[in-house]
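The following block contains the structure, expressed as structure tokens.
The values are calculated or read from the model by the stated rules, or taken from the named source; none is laboratory data. The model shown is predicted, which means the values in this text are computed figures rather than measured ones. Reconstructed Cβ throughout: ideal geometry from the backbone, glycine too, with neighbour counts over all protein chains shown.
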Amino acid sequence: MAQQIPKVLVTEPIPEKNLAYLREHSIVKVGNKGEFQDELKLIDAIPDYDALLCMLSTPVTKKVLVAAQKLKIVANFAVGYNNIDVESAKDLGIKVANTPDVLTEACGDFAMGLLMAVSRKFNAAEQYLREGNFSGWEPLGFLGMELRGKTLGIIGMGRIGQAFAQRARAFGMNIAYHNRSKVSPETEKSLGAAYVSTIEELVINSDVLSLNCPLTDQTHHLVDKTLFKLMPSHSILINISRGPVVDEVALADALHRKTIAGAGIDVFENEPAVHPDLLTAPNCILLPHIASATFETREAIGMLASNAIVSVLKGESDSNIPNLI
Ligand code: GLV
């Protein structure tokens with residue numbers, strides 16, 4: 001009997017180069033934007049496919065995985081994989097891959113840029129100019145917080161946390177961090193980073209608090225009303241990790257009541273919805289989850305995810321696939 005060509009479902013359009021590579025090895029179906037964010041739609045489609053290349057917004061739940069009849073691998077077009085029920089996948093013998101490393105530098109750049117934009121009020125100042133209010137240089141116009149000498153507190157000192165720390169260091173910031181485990185003494189030394197054993201102590205002593213941890217049961221609403229109360233009133237929150245790590249209502253409240261000075265937020269609790277109180281909050285920059293959005297990085301993400309799929313479809317051994325979870 002002739003060998004069947006495997007079928008791959010790619011839930012949203014991804015770079016053409018990635019699709020071309022997948023097409024060399026399989027029949028590829030590409031979903032429309034948002035189409036497979038609908039769990040029922042995915043449950044309906046999945047029995048046909050040998051591999052799934054999904055987005056961080058694709059709900060790869062137990063129901064989806066159970067409905068799959070010949071699925072061998074789920075490859076996430078993202079490093080964070082809280083959208084995938086990894087335990088159920090493992091129980092069902094379905095492999096799961098993500099995309100570490102390739103987006104680290106883009107995210108480090110982005111976090112630094114976001115911090116600059118918030119601390120120096122880029123958005124508000126630009127809006128002021130566009131609205132025709134610029135009537136000349138002002139000694140007291142749009143004063144912001146200087147970064148040199150300030151402390152950047154990082155929760156989650158993985159690759160992206162470290163990439164941000166490296167950049168912040170070049171801006172003269174002191175680095176403090178909290179992580180499940182300490183990074184190596186060499187890494188601490190090269191980043192000039194000091195480990196802080198409790199999140200509370202880190203928050204109290206940080207001028208900028210950055211969230212770079214994964215979303216898990218333990219980190220859900222990690223930054224809540226109680227932690228906001230501990231943040232100094234001049235401090236800034238940067239979140240490029242996952243929205244639910246922050247209690248969005250508490251964040252909006254802290255911004256409206258000015259108990260913190262500002263926030264740079266790239267991720268939201270219920271994406272694509274943004275809490276209405278955040279939309280009206282002062283001194284915050286809200287962006288549509290774009291930390292890794294460079295041409296180079298998105299193509300590299302797609303390549304890493306596609307490589308894992310092709311390797312699994314070819315029956316290669318797991319040791320050839322470095323990004324399996
Ligand atoms: C983006 O948020 C990612 O996890 O890659």
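Would you be able to say whether some residue in segment 232-253 is touching a residue at least 40 places away in the same chain (Cβ under 8 Å), assigned by TED's automatic domain parsing to the domain that holds residue 125 and small (Gly, Ala, Ser)?
yes
For segment 198-218, give me each residue that is closer than 30 Å to residue 85 by Cα, without any contact (Cβ under 8 Å) to a residue 40 or more places away in the chain and not charged (D, E, K, R).
198, 218
Consider segment 60-81. How many of its residues are more than 15 Å from the ligand (Cβ to nearest atom), part of a loop (DSSP other than H, G, I, E, B) and within 27 Å of residue 158 (Cβ to Cβ)?
Of the residues in that region, 1 qualify.
Quick one: count up the residues across segment 232-259 that are surrounded by fewer than 23 Cβ atoms within 10 Å (Cβ to Cβ) and among the hydroxyl-bearing types (Ser, Thr, Tyr).
Residues meeting the conditions: 2.
Go through segment 82-105 and count every residue that is free of Cβ contacts under 8 Å to residues at least 40 places away in the same chain, within 12 Å of the ligand (Cβ to nearest atom) and hydrophobic (A, V, I, L, M, F, W, C).
Number of matching residues: 1.
Give me the pairs, please: first residue somewhere in segment 311-325 and among the basic types (Lys, Arg), second residue anywhere and exposed (fewer than 12 other Cβ atoms within 10 Å of the Cβ) and in a loop (DSSP other than H, G, I, E, B), beta-carbon distance under 7 Å, and either six or more positions apart or on two chains.
From segment 311-325, no pairs qualify.
Output the residue which, of all residues in segment 90-133 that are in a loop (DSSP other than H, G, I, E, B) and of a type in the set (Val, Ile, Thr), is surrounded by the most Cβ atoms within 10 Å (Cβ to Cβ).
99
Among the residues of segment 24-43, write down those that are exposed (fewer than 13 other Cβ atoms within 10 Å of the Cβ) and part of a helix (DSSP H, G or I).
40 - this is the single residue of segment 24-43 that is exposed (fewer than 13 other Cβ atoms within 10 Å of the Cβ) and part of a helix (DSSP H, G or I).
Moving on to the next point. Looking at (1) part of a helix (DSSP H, G or I); (2) closer than 18 Å to residue 53 by Cβ, can you tell me which one residue 228 breaks?
(2)
I need the full set of residues from segment 260-309 which are crowded, with 16+ Cβ neighbours inside 10 Å, away from the ligand (no atom under 13 Å from the Cβ) and assigned to a loop (DSSP other than H, G, I, E, B), in order please.
260, 261, 269, 274, 275, 281, 283
When you check residue 74 against the structure, is it modelled with pLDDT of 95 or more, assigned by TED's automatic domain parsing to the domain that holds residue 299 and closer than 21 Å to residue 219 by Cβ, yes or no?
no
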